[in-house]
Amino acid sequence: MFRLLLLTTIVGSFKTHCSTATATMALRNVDFEVFGRVQGVFFRKYTKQQADKLQLKGWCRNTSRGTVEGQMQGPSDKLEEMRNWLKNTGSPSSQIDKAEFKNDKDITEYTFSNFDIRRDD
């Protein structure tokens, strides 16, 4: 009886752990645009470094509007960290006025193999 109780407890704990890990790994995709002094201050370089650190995939580029835009993909928790970084941190010399996020959606697989800096639009 004790063995059965112990086995039931272990299996229940394992199932809880696995479902939590699976929920954390759900992939999302989001587009972003950052406004302010974000060109000529290595913003894209630091954005790529942060995305690589968080193991996100996607891209970023300068726009003719003076902003930096991009798309990022990864687990929800890592995307949330990147959102905060884009809104509040950026590169050391940048001045972020605002960051907008659009087209936030679930995805089943990555469409990018890494995070790239693209040529200006």
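Condition check: at pLDDT 95 or above, open to solvent by less than 70 Å² (accessible area, probe 1.4 Å) and outside any strand (DSSP E or B). Does Phe112 satisfy that? Outline the logic, then answer.
Details: at pLDDT 95 or above: yes; open to solvent by less than 70 Å² (accessible area, probe 1.4 Å): yes; outside any strand (DSSP E or B): yes.
Yes.
At least 1 residues being touching a residue at least 60 places away in the same chain (Cβ under 8 Å) and surrounded by fewer than 19 Cβ atoms within 10 Å (Cβ to Cβ) is the threshold, and among the strands (runs of 3 or more DSSP E) wholly inside the range 26-99 those reaching it are 27-37, 57-62.
The values are calculated or read from the model by the stated rules, or taken from the named source; none is laboratory data. Model, not experiment: these values are computed from the prediction. Don't worry about glycine lacking a Cβ; one is built from the backbone with ideal geometry, like all the others, and counts go over all protein chains shown. Quick note on the areas: whole protein, heavy atoms, side chains included, nothing else; ligands and nucleic acids left out. Shrake-Rupley method; radii C 1.70, N 1.55, O 1.52, S 1.80 Å.
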